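The values are calculated or read from the model by the stated rules, or taken from the named source; none is laboratory data. Keep in mind the model is a prediction, meaning the values are calculated, not measured. Here the Cβ is made from the backbone with ideal geometry for all residues, glycine too, and neighbour counts use every protein chain on show. Accessible surface areas use protein heavy atoms only, side chains included; no ligands, DNA or RNA. Shrake-Rupley method; radii C 1.70, N 1.55, O 1.52, S 1.80 Å.
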Amino acid sequence: MSAGGTAAGAFVGTLVLTTVLRTASEFKLTRMDLPFLLGTAVTGDRARAKAIGYLMHFVNGQLFAFVYYAVFLAIGHAGWWLGALFGLMHGIFAGTALVNVLLPLVHPRMGSPMTSAPKAAQLEPPGFLMLNYGPTTPLVTVLAHVAFGAIVGGFTALGTHG
């Protein structure tokens, strides 16, 4: 296993995940814009939010990949299929607890079930499995995270052979 492989896998995996989600948005399979969602947590400037959000997303990709790496080390094995399994769990966690419950509590520009009418939110809360962003959003999001995990796991395992 290789930390360098994990870092490279995190970059490539995040690039693939982000591209899949952006493409799905362009094809009207989802209304979710993850970089915008992240960026608006720190700025109300919509254009700047996208740029900051992309940076935050790539940093998060590295952080999540190294959580995967820690688990790979703990169990003594890494591989694309194990990474894909982690990605499946990651995607389900992201769509349920992370963006449905935790994000609306801390995001200053996101609506919530407790948002009052006078307090206008810039963002609609994602809802369970992010269904508020379209009926195919859960499938697209989970598959993108499975791809991320498979790439991270595969790149991490490459370090064991050379």
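Think of a 1.4 Å ball rolled over the protein heavy atoms: the stretch 37-89 then has 55 Å² of accessible area per residue.
Over all pairs of different C-alpha atoms in the chain, the reciprocal of the mean inverse distance, the Kirkwood hydrodynamic radius, equals 16.1 Å. Charged side chains reduced to their Cβ positions (Lys and Arg at +1, Asp and Glu at -1) give the chain a dipole of some 300 debye around its Cα centre. Out of the total accessible area of the chain (probe 1.4 Å, heavy atoms of protein only), what percent is carbon and sulfur? Carbon and sulfur together cover 73 percent of it.
Name the residue from Asn100, Gly87, Phe64 whose Cα lies farthest towards the positive end of the charge dipole of the stretch 1-160, charges +1 on Cβ of Lys and Arg and -1 on Cβ of Asp and Glu. Highest projection toward the positive end goes to Asn100. Of the residues Leu15, Met32, Ile52, the one whose Cα sits farthest towards the positive end of the charge dipole of the stretch 4-52 is Met32 (charges of +1 on Lys and Arg Cβ, -1 on Asp and Glu Cβ, taken about the Cα centre).
Between Phe128 and Leu102, what FRET efficiency comes out of the Förster formula 1/(1 + (r/R0)^6) with R0 = 22 Å and r the beta carbon distance, rounded to 0.05? Taking R0 as 22 Å, the efficiency between Leu102 and Phe128 is 0.95.
Under a 5 Å amide H cut-off, with hydrogens placed 1.01 Å from N, Gly159 pairs with Ser2 among residues at least 5 apart or on other chains. Using Cβ point charges alone (K and R +1, D and E -1), the dipole size of the stretch 1-80 about the Cα centre works out to roughly 220 debye. Accessible area of Glu26 (1.4 Å probe, protein heavy atoms only, ligands and nucleic acids ignored): about 120 Å².
Against the main long axis of the alpha-carbon atoms of the chain, helix 3-26 sits at an angle near 40°. Only Cα pairs within less than 10 Å get springs; with that Gaussian network setup on the chain, which residue of Ala65, Ala47, Ala24 has the largest fluctuation? Greatest mean-square fluctuation among the candidates belongs to Ala47.
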